[in-house]
Amino acid sequence: MLIRKTSGIRSSEITSQSIFNQRREFLKSGIYAFAGLAMPDLALALADKPGKLKPIANLHPSKYRVDAEVTDYKWITTYNNFTEFGHGKSTPAKTARKFKTRPWTVEVDGECEKPGKIDIEEILSSFTQEERIYRFRCVEAWSMVVPWVGFPLGDLLKQFKPTSKAKYVVFETLHDPKRMPNQRYDGLDWPYREGLRMDEAMHPLTILSTGLYGEILPNQNGAPLRLVVPWKYGFKSIKSIVKISFSEKQPPTTWNGKAPDEYGFFANVNPKVDHPRWSQAKHRVLGGGIFSGREKTRMFNGYADEVASLYRGMNLKNNF
Amino acid sequence: MRVANKNIVIGKLLLFLLCLVPALLLLWDALQQQLGANPVEALLHRSGDWSIRLLLITLAITPLRKLTARGWLLRYRRMLGLFAFFYALLHFTVYLWLDRGLSWMEISVDILERPYITLGFVAFLILLALAVTSTRGMMRRLGKHWSALHQWVYAAGLFGVIHFLWLVKADYREPGLYMAIFIILMLFRAGSFKKRLQRAFSSDALRKLSSILRCYTSENA
Ligand code: HEM
């Protein structure tokens, strides 16, 4: 079991003066009113806050935190697959620098009673922003541990009152080649599209993320709003979302459409189902340096206790 | 055009240093921890990139020599080829050791079952055979078979490029460029292509190679 309520504090997190100060600040801000929370929880939430972007107001800790070392902010923000901003892991951090994420609205439509639009500021203020420390496993066999900020996707979906016909949720990234330069070239079928089954979308682990490391999302990580589904390969966690639709049918999705034999619709992390070109049995945890080896990949990225029941009776080899 | 031997020696020294630059930069970046979030991948990619680049440059020497009528270019070809092999060796070592942690089960599955690795491996074996037989002594001993054997460098180039094309997820620009260069280089040779192919596959040449390799390994045993 890797989700636990409290975790021990590492000495590296309490030694630095700046972090100490952040903790003081946090105490003063009064959020510490959260009953029963041990100091280390809060410290971890705010440790190494990079101080580069706007802090998330009203950041709440949550019980969802893996018991593993959090990946450096530097690595999380310089090693990105965000094809809209170019190929190559280090490209998005440079080419997305000027990307403007305000104003930003998300349109919600399809099989629901109350289709409409919601502004990013409203999203930030009306949903409780929690810190969720999740393992993030890319289909390319690398992983990170990311202190996301976000809220359950289900909380937002419910507001639009999906009907009984809503079997799937479909997401779309912004399509604007002027702002997302690599959309001028092909490579992928823009706009990027992803989808979840309704039960997956409503699962408490599934979040819409607005930030990481206690601050709003850096552009290269999918600002201002992205999906995070920690038991699925990273490409499911679509970035810079402008549209959410409820659908009766399973929607076509980007990578699945490009190479159906390599990227499934479900894309659940599964060490037993290899990508045709490489093994998924192990992955490399980023930030470990040259001599750190690979680690064994776990079923559903270690979230089997929480999500395995969603797929009971399903052949996960065929529905990869 | 003839170039004095002294100039060739200086030229070779410069080329040697130039070919080492990517390796030194890699080493420098590794020591400075400047290889990013995934240093093993960076080492693997940069060594692979330089192997295929140097291999294509090696293949370009003959057409360039003919186009420019500069015979001395040929004198640099062996060094370029050996550096292509050097970077392939680095690439393979990074893969075996840093990437796969010398886990021989995984490695053999990769080589046997993943076509892009299989092709890379075959390209590496070819480069290895060519490097081993690149000395003057080997050239003499293999006689006319030497050039037949060294026709396989084209196969190594082709396999190297396909290896790259196959491993790419969506961005085909760089491997596509290399494939285009490879095809253009091949077109230069189209005339004599059939003859070369026959020579490369003549059983005579292969037999000669195996006997040479056998005596080479026993000499070194
Ligand atoms: C000895 C057998 C070889 C093995 C096991 C091997 C394995 C690999 C692996 C695992 C990758 C990275 C794949 C990825 O990131 O998805 C790679 C990339 C690459 N390899 Fe090899 N390889 C071999 C031989 C070669 C040879 C002989 C060449 C060149 C002639 C070569 C050129 C490349 C290139 C250009 C790349 C891509 C680098 C990039 O993405 O920038 N490889 N190889």
With N residues in chain B, what two-decimal value do you get for its Cα radius of gyration over 2.2 N^0.38 Å?
1.07
The whole-number value in µm²/s of the Stokes-Einstein translational diffusion coefficient for the protein assembly as shown, with Rh from the Kirkwood sum over alpha carbon pairs at 10 °C and 1.306 mPa s, is 60
If neighbour count is taken as other Cβ atoms inside 10 Å, put A:Trp255, B:Trp72 in order from fewest to most.
B:Trp72, A:Trp255
For region B:101-154, compute Rh as the Kirkwood radius over C-alpha pairs and then the Stokes-Einstein diffusion coefficient at 37 °C and 0.692 mPa s; write the answer in µm²/s, rounded to an integer.
258
In region A:136-248, how does Rg compare with the Kirkwood Rh, expressed as the Rg/Rh ratio over alpha carbon atoms?
0.96
DSSP-defined beta bridges in the protein assembly as shown - what % are antiparallel, rounded to 5:
85
Debye intensity ratio I(q)/I(0), log10, region A:54-311, q values 0.08, 0.17 Å⁻¹ (C-alpha model)
-0.28, -1.52
What's the magnitude of the charge dipole for region A:137-223 around its Cα centre, counting Lys and Arg as +1 and Asp and Glu as -1 at the beta-carbon? Answer in Debye, nearest 20.
280
Considering every residue in A:273-283, what mean count of other chain Cβ atoms within 10 Å of its Cβ is obtained?
3
Measure up A:Lys54/A:Lys98; A:Lys165/A:Lys239; A:Lys52/A:Lys243 against 21 Å on the Cα-Cα distance and list the ones that go over.
A:Lys165/A:Lys239; A:Lys52/A:Lys243
Just report the Cα centroid separation between region A:239-285 and region A:118-165, whole Å.
18
Counted neighbours (other Cβ, 10 Å), sorted fewest up, put B:Thr135, A:Thr91 in the order B:Thr135, A:Thr91
For B:Trp104, B:Trp152, ascending order of other Cβ atoms within 10 Å (fewest first) is B:Trp104, B:Trp152
Counting only residues 5 or more apart in sequence or on a different chain, those whose built amide H sits under 5 Å from that of A:Glu215 are A:Ile56
Considering the options A:Pro147, A:Thr128, A:Ile118, tell which one lies farthest towards the positive end of the dipole of region A:83-153, charges being +1 on Lys and Arg and -1 on Asp and Glu at the Cβ, about the Cα centre.
A:Pro147
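Throughout, read-outs are computed from the coordinates displayed, never taken from laboratory work. Predicted model, so just to flag it, every value in this text is computed and none were measured. So basically every Cβ, Gly included, is an ideal-geometry build from the backbone, and we count neighbours across all protein chains shown.
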